Structure formats: structure tokens, C-alpha cells
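The values are calculated or read from the model by the stated rules, or taken from the named source; none is laboratory data. Values in this document were obtained by computation on a predicted structure and should not be read as measured data. Cβ: placed from backbone, ideal geometry, glycine included. Neighbour counts: every protein chain shown.
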């Protein structure tokens, strides 16, 4: 009887400990990170889509746009799923300005531009855009608690800092 009680107590203790470490728990920083990063990523996908429809774009820039879209589209779905699972609103309330967001006028200029001019605009906008995402992800790394959100924030910092360097190098060749 004593052995069974000890094993049951141990199992309950493990369950409690694992629940405390669960990726399901979240705080306001995690929800804010996801809620802000979704439209931020959506704009990066939008700018990438613009580039993927253009002719006469350097191949490295087109490849980069394709990689950005391929990475950030699934991340949008992942963060939307978290917000739904956490019973948090998915949309942002109006008026939030985010680091690195490109205004409608600059999006229109990108859409109208062709060739190397379009590539330069894309790279300049995307560098600033990525810098904004890195700042948001670093804030999540400091303030967040959800294991999955913290991992994604680290992944965003790593990937986008690397892409910033790549874009700066590409920009110097145009």
C-alpha cells in the first residue's frame, strides 16, 4: 500500500511539474507578441508576393522573397492557432504602430517599381521591416513565458538577423 501511495504521489507531482512547464500557459506578452507579429508577417508576405510577380528582378532577390513567404506564412498560422487556443482575440485593436511596418504609399511605390529599382525598394523596406520584427521578438524573449512563443521569438531573431545581413549584401550589389 505504501509503495502504491508513493508512486501515486510521484505521478501527481510529475503531472503538476509538467503542467507548469506546459507550452499551453501564456501571459499578456505572449498574446501581444502573436497579435502584433501576425500583421507584421502578413505585410512581409505581401511585399514578397509583389516581388514574386515581377520580371527583371535579380534571382537572389526573388529567391529571398520566396524564402520569406515560405517561412512567415506558416508562422502566421501557428500564431493564429495559439491565440485561438488561448482564447485571446486574434485581431489587433486599431492604432497600433509597429516597428518596421511599411506605409501604404511605400507599398504602392514598390508595386509600381520594376527591375533593380523594385529590388532596391524591396530590400530597403524589408531590412527595416525585419529590424522591427527582431525588436518585437527580442521583447517577447524578455517578457514572454510560453515555451512555443519563446522558441519562435528566438527563431525569428536568428533567421531575420541573417536575412538582414544577406539583404544588406545584396543591396550593395545593385
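Candidates 138, 160, 168: the one that is closer than 16 Å to residue 43 by Cα, modelled with pLDDT of 95 or more and out of contact with any strand residue (DSSP E or B) (no Cβ under 6 Å at 6 or more places or on another chain) is 160. Among the residues of the range 35-42, is any at pLDDT 95 or above, surrounded by 13 or more Cβ atoms within 10 Å (Cβ to Cβ) and under 19 Å from residue 113 (Cβ atoms)? The answer is no; no qualifying residue exists.
For the range 130-137, the criterion of being under 17 Å from the mean Cα position of the chain (by Cα), surrounded by 15 or more Cβ atoms within 10 Å (Cβ to Cβ) and closer than 17 Å to residue 51 by Cα is met by at least one residue.
Residue-wise test of (1) touching a helix residue (DSSP H, G or I) at 6+ places or on another chain (Cβ under 8 Å); (2) over 19 Å from residue 133 (Cβ atoms); (3) part of a helix (DSSP H, G or I); (4) modelled with pLDDT of 95 or more.
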position	(1), (2), (3), (4)
14	no, yes, yes, no
48	yes, no, yes, yes
56	yes, yes, no, no
89	yes, yes, no, no
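Among the residues making up the range 114-127, those that are assigned to a helix (DSSP H, G or I) and either loosely packed, with under 15 Cβ neighbours inside 10 Å or touching a residue at least 40 places away in the same chain (Cβ under 8 Å) (or both) are 115, 116, 117, 118, 119, 120, 122, 123, 124, 125, 126, 127. Within the range 139-167, being over 12 Å from the mean Cα position of the chain (by Cα), closer than 21 Å to residue 65 by Cβ and in contact (Cβ under 8 Å) with a residue 40 or more places away in the chain holds for 163, 166, 167.
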